[in-house]
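Here is the structure we will look at, set down as structure tokens.
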Amino acid sequence: MNRTHVFAAAVGTVLLAAVALPVTALTASAEPTPAAPAKEGTPGPANGAERGGEDGGGKRTGKEKPGRKKPGAKKPGRKRSGGEHSGGHRSSGGSAGKRDRAVRKKVPARQEGSVAAAELLAKAGGQGCDPVSKGLYSVDEGVAAAVPVCGADGAVFWKADLDIDCDGQATARCNPTTDDSFQSMTAFSQSDGKPLNAEKLPYIVVPGAGENWDYRSSNIKGGGVAAVIHGDSVQYAVVGDTGPAGIIGEASYATAEGLGIPSNPDLGGAASGVTYILFKGSEVSPIESHGEAILLGDKLARKFVGKK
């Protein structure tokens, strides 16, 4: 190869390198810049942030429900030891809207016994209320008192909301994880001495004895039978727990289930439209037998409405 050819080859090589360099630089600049590593402890997007303060696993994320005690906090007036106690009532608080929407869903009527809801309601309050309580009750903490306890032939009754009581034996659906106000005791116990089972046993909560009314003065007992009515549904339950002396309208997880009412301890219940009829002098034995509650409740309900 002569000198002219060597010089031309060298120039060509330099030109090719000069042209290739910008193309490589351009290609590198088009690649996305890697994200900076996250700092330790920096929170990412919250799972379930649009689910009302619950994470993807259903656990509370620290957004306390209005009117509820913090997890583990002792309810005012409640006793951790055995025997009768005065419990904290579940507040409908910030969940009222969700609860109302759930309750408005059409559910089939569920009737226990032979007496229809309409017959019981016609007798209980069909002619108004003959008060047996000296004053009125509130349905939740911070809500104006407006509910009287009324008297009727052989019974007392009231019309209120239904908040979920999950207290008693710890079960899959009633425990400190599912209910941040869970208590391991109930005012009245099973025949074996254990607390009642709110998930399995329909029971209602009566206000603790106070200036307004003492349930015992109306011959209402622990284990007494009650007819609970919501819409066209009738559920028989026992008197199983007591609540604050100034608040009314609470029943067990199983009672809500039997009435077709959402039973979630935090978001379930019914905001209104529930009637509780308690039959004087009655007592289911053993208290944990729902079958006995139905038999006795139906017998007393038939007598209450004048059926043979």
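The values are calculated or read from the model by the stated rules, or taken from the named source; none is laboratory data. Given the structure is predicted, the values throughout are model-derived calculations rather than measurements. Note that we place each Cβ from the backbone using ideal geometry, even for glycine, and neighbour counts take in every protein chain shown. Heads up: the accessible areas ignore ligands, DNA and RNA and are worked out on the full protein's heavy atoms, side chains in. Shrake-Rupley method; radii C 1.70, N 1.55, O 1.52, S 1.80 Å.
Computing FRET efficiency as 1/(1 + (r/R0)^6) for THR177 and ALA116, where r is the C-beta to C-beta distance and R0 is 41 Å, gives about 0.60.
Of the whole protein surface, ARG110 contributes about 100 Å² of accessible area at a 1.4 Å probe radius. Dipole size of region 171-308 about its Cα centre, with +1 on Lys/Arg Cβ and -1 on Asp/Glu Cβ: approximately 720 debye, rounded to the nearest 20. A 1.4 Å probe run over region 255-308, with the rest of the protein chains in place, finds 42 Å² accessible per residue.
With the highest mean first, a sort of the peptides 251-263, 118-130, 202-214, 183-195 on other beta-carbon atoms found within 10 angstrom per residue produces 251-263, 202-214, 183-195, 118-130.
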